[in-house]
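**Q** Take this structure first; my questions come after.
The values are calculated or read from the model by the stated rules, or taken from the named source; none is laboratory data. Just so you know, these numbers come straight off a predicted model, no measurement behind them. Note that we place each Cβ from the backbone using ideal geometry, even for glycine, and neighbour counts take in every protein chain shown. Ligands, DNA and RNA are excluded from the accessible area calculation, which covers all protein heavy atoms including side chains. Shrake-Rupley method; radii C 1.70, N 1.55, O 1.52, S 1.80 Å.
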Amino acid sequence: MILLTGGAGFIGANFVLDWLAHSDETVINLDKLTYAGNLENLASIADDPRHIFVQGDIGDTLLTSSLLARHQPRAVLNFAAESHVDRSIHGPEDFIQTNIVGTFHLLEAVRAYWGTLAAEARRDFRFLHVSTDEVYGSLRSDEPAFSETHAYEPNSPYSASKAASDHLVRAYHHTYGLPVLTTNCSNNYGPYHFPEKLIPLMIVNALAGRPLPVYGDGQQIRDWLYVTDHCSAIRRVLAAGRPGQTYNVGGWNEKPNLDIVHTVCGLLDELRPRADGKRYSEQITTVADRPGHDRRYAIDARKVEVELGWKPAETFATGIRKTVLWYLDNQQWVSNVQSGAYRDWVARNYGERVR
Ligand code: NAD
Ligand code: DAU
């Protein structure tokens, strides 16, 4: 079996569903259930005996050590993190605690467990750390995409905390020989994406008749990957990646934010036209920019493609259509996640941005 952390969040939940669709190997899913963790994401496997959910913190060494000793997983995959850049600007402490201190405690528990394994199991064990392209910082328009050897230049408390966790993972390989793998992926989108992030926020606000808040000039570029393509890359890296290596994962889909918002609006115009006959793009408003906003991310994914034979299955056109359709078909999920805490966050983040 495998032990996964953060499997009630956006990518983790998609990964659990994807894993069980491709394998009969049991998943132990350790998740703290912060505001971003949602067991509703896993409702379709609620009765599946191959999924064992445990609520808890990756920083709780007693808990992680006992889970490792009891279940003897062949791999640990670390998805758990505080993941939203804007929240890291408003309050970095949780990011330091989970992304750095939590990953450190998890690594310590895994190192101790790994040391108890017999030679063959020790050799085959893997610790896979799920990280982000944001650790590399921001690209100018004329610079090549991030390769695995690009310098780490994180600019937000979120990306700095992820960079620190990547360095710890690297050090546990070099110092202790722990067989680690790190993936650095670009922006994901798809089902179960919490509507604090750009694409789901735009869909949800558009349908509710609210403004579509674009930060600054909207010309910041992100490199978008449909979430199940990220999941297939992680499965491939886990199966065939070389211990100690990092793999950049991306979809070769660089797009300015404003283009993304117009694409979402166009799909909604087609699939759920506004009752008043107007276009959703009329709801677009520019608001004050994110402090320290990275201008451009782009992933050079040739290593994972050439070395491991991975390729994304979706284009941006197919993935974004699936995503919009998923949100239209899952309005109950959307209203369930828009709790009081969600509304407080929206008021805090956007209240002070209005120009
Ligand atoms: P998310 O915020 O949707 O989910 C994070 C999950 O981790 C939640 O279920 C939360 O409850 C859990 N969690 C938080 N703190 C925890 C702790 N201390 N102990 C146990 N569980 C805890 O995040 P996501 O977008 O699914 O991202 C998952 C991972 O992928 C993160 O490590 C993130 O840095 C990385 N990543 C995300 C993207 C993206 O576009 N979303 C891209 C590349 C990499
Ligand atoms: O690149 C990978 C990263 O992608 C992950 O590591 C992060 O966990 C994930 O949250 C994401 O970070 P971003 O900051 O790129 O994603 P976000 O959806 O918050 O914003 C995408 C872009 O859209 C960014 O340039 C900011 C802009 N934006 C965002 C929001 C929420 C807006 O213009 N308006 C908004 O309301």
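**Q** Does the stretch 65-86 contain any residue that is of a type in the set (D, E) and either in contact with a strand residue (DSSP E or B) (Cβ under 6 Å, 6 or more places away or on another chain) or near ligand 1 (Cβ under 9 Å from one of its atoms) (or both)?
**A** Within the stretch 65-86, the subset of a type in the set (D, E) is 82, 86.
Going one step further and asking which of them are either in contact with a strand residue (DSSP E or B) (Cβ under 6 Å, 6 or more places away or on another chain) or near ligand 1 (Cβ under 9 Å from one of its atoms) (or both), we end up with 82.
Yes, the conditions are met somewhere in the stretch 65-86.
**Q** Of the residues D289, D300, D344, which single one is among the charged types (D, E, K, R), surrounded by 14 or more Cβ atoms within 10 Å (Cβ to Cβ), within 16 Å of ligand 2 (Cβ to nearest atom) and farther than 26 Å from G266 by Cα? I'd like the intermediate steps shown before the answer.
**A** On the way: D289 fails: farther than 26 Å from G266 by Cα; D344 fails: surrounded by 14 or more Cβ atoms within 10 Å (Cβ to Cβ).
Only one candidate qualifies: D300.
**Q** To continue, here is another question. Hey, among the residues in the stretch 126-145 that are within 23 Å of V306 (Cβ to Cβ) and among the small types (G, A, S), which one's most open to solvent (accessible area, probe 1.4 Å)?
**A** Our first condition is that a residue be within 23 Å of V306 (Cβ to Cβ); within the stretch 126-145, this holds for 126, 128-133, 135-136, 139, 143-145.
Within this subset, residues satisfying the condition of being among the small types (G, A, S) are 131, 145.
Details: S131: 8, A145: 29 Å².
So the residue we want is A145.
**Q** I'd like the full set of residues that are among the polar types (S, T, N, Q) and assigned to a helix (DSSP H, G or I), limited to the stretch 297-339.
**A** We begin by selecting, within the stretch 297-339, every residue among the polar types (S, T, N, Q); these are 315, 318, 323, 330-332, 335-336, 338-339.
If the condition is that a residue be among the polar types (S, T, N, Q) and assigned to a helix (DSSP H, G or I), then T318, T323, Q331, Q332, S335, N336 are the ones that fit.
**Q** Within the stretch 164-183, does at least one residue satisfy the condition of being away from ligand 1 (no atom under 15 Å from the Cβ) and either within 22 Å of D300 (Cα to Cα) or modelled with pLDDT under 95 (or both)?
**A** Kept after step one, since they are away from ligand 1 (no atom under 15 Å from the Cβ), are these residues of the stretch 164-183: 170-179.
Narrowing the set further to residues that are either within 22 Å of D300 (Cα to Cα) or modelled with pLDDT under 95 (or both) leaves 170.
The answer is yes; a qualifying residue exists.
**Q** Tally time: how many residues in the stretch 225-243 are surrounded by fewer than 22 Cβ atoms within 10 Å (Cβ to Cβ) and either in contact with a strand residue (DSSP E or B) (Cβ under 7 Å, 6 or more places away or on another chain) or of a type in the set (K, R) (or both)?
**A** Going through the stretch 225-243 one residue at a time, the tally reaches 5.
**Q** Name the residue that is nearest to C185 (Cα to Cα), counting only residues in the stretch 265-305 that are acidic (D, E) and under 26 Å from the mean Cα position of the chain (by Cα). Before you say what the answer is, go through the steps one by one.
**A** First, pick out the residues of the stretch 265-305 that are acidic (D, E): 269-270, 276, 282, 289, 294, 300, 305.
Next, from what is left, pick out any that are under 26 Å from the mean Cα position of the chain (by Cα): 289, 294, 300, 305.
Details: D289: 24, D294: 16, D300: 10, E305: 13 Å.
Step by step, filter the stretch 265-305, then rank; the result is D300.
**Q** What strands (runs of 3 or more DSSP E), lying completely within the stretch 195-256, carry at least 2 residues that are within 16 Å of ligand 1 (Cβ to nearest atom)?
**A** Working: elements: 212-215, 221-226, 246-249, 254-256.
By residue number, 221-226, 246-249, 254-256.
**Q** Identify, please: which residue in the stretch 146-194 is in contact (Cβ under 8 Å) with a residue 24 or more places away in the chain, more than 14 Å from ligand 2 (Cβ to nearest atom) and more than 21 Å from T98 (Cβ to Cβ) and is, among those, most open to solvent (accessible area, probe 1.4 Å)?
**A** Step by step, filter the stretch 146-194, then rank; the result is H174.
**Q** If A171 satisfies every condition in (1) in contact with a helix residue (DSSP H, G or I) (Cβ under 7 Å, 6 or more places away or on another chain); (2) under 27 Å from D124 (Cβ atoms); (3) aliphatic (A, V, I, L, M) but one, which is the exception?
**A** Here A171 meets the rest and fails (1).
**Q** Next question. Applying the selection to the stretch 107-124, what residues are hydroxyl-bearing (S, T, Y) and in a helix (DSSP H, G or I)? Break it down into steps so the answer makes sense when it comes.
**A** Filtering the stretch 107-124 for residues hydroxyl-bearing (S, T, Y) gives 113, 116.
Hit for the stretch 107-124 is Y113, nothing else.
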